[in-house]
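Chemist: Structure in structure tokens, see below.
Each reported figure results from applying straightforward, stated rules to the coordinates on display, with no laboratory input. As the structure is a computational prediction, the values presented were derived from the model and not from experiment. When we count neighbours, we look across all protein chains shown, and the Cβ atoms used for this are built from the backbone with ideal geometry, even at glycine.
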Amino acid sequence: MAKFVAQVIVLGAQVVSRAFARALRQEYAATQAAAQKGQGGPKAQAEANLKAGITLDEAKNILNVDVMDCEKIEKNFQHLFKINDRSSGGSLYLQSKVFRAKERLDEELRLQKQDKESKKHQNEST
């Protein structure tokens, strides 16, 4: 009976380890394919989401902006940051969410600018 239980455990471990190895190979292949596609795009957005801890859509909703307009973003940020100040009875949590949203939108604007510059350099070199 003990031998049978040991065999079941060993077989189960082998199945799990093979599945894990297959998943790692697939993830590695997907990463390599994304790297070959080029810089920027979804990879850069994912990194920005991780860095700020907030998605682009969520940041736009928090700061109530539809288009990426620097002036409107700054105006809404200043207003929301000021009204959520603890000294005026606001919430530090909400203030931090507003700050993170501004960081995320600033990062997106930086990525867009960088993308435009790289396309400009590509057009000049051809």
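Chemist: How far apart, in nm, are the 7 Å Cα→Cβ label points at Asp66 and Ser118?
Modeler: Modelled inter-label distance: 3.0 nm.
Chemist: Given a cut-off of 23 Å, name the pairs among Lys60/Lys113; Lys82/Lys113; Lys72/Lys119 whose C-alpha atoms lie farther apart than that in the structure shown.
Modeler: Pairs exceeding 23 Å: Lys82/Lys113; Lys72/Lys119.
Chemist: 7 Å from Cα along Cα→Cβ at both Ser87 and Val15: what's the point-to-point distance in nm?
Modeler: Label-label distance for Ser87 and Val15, simple model: 6.4 nm.
Chemist: Can you bin the stretch 56-124 into rounded, prolate or oblate? Criterion: square roots of the alpha carbon gyration tensor eigenvalues sorted a ≥ b ≥ c, rounded for a/c under 1.5, prolate for a/b above b/c, oblate for the rest.
Modeler: prolate
Chemist: Relative to the present Cα-Cα distance, how much length would full extension add between Glu27 and Lys3 at 0.36 nm per residue of separation?
Modeler: 5.0 nm
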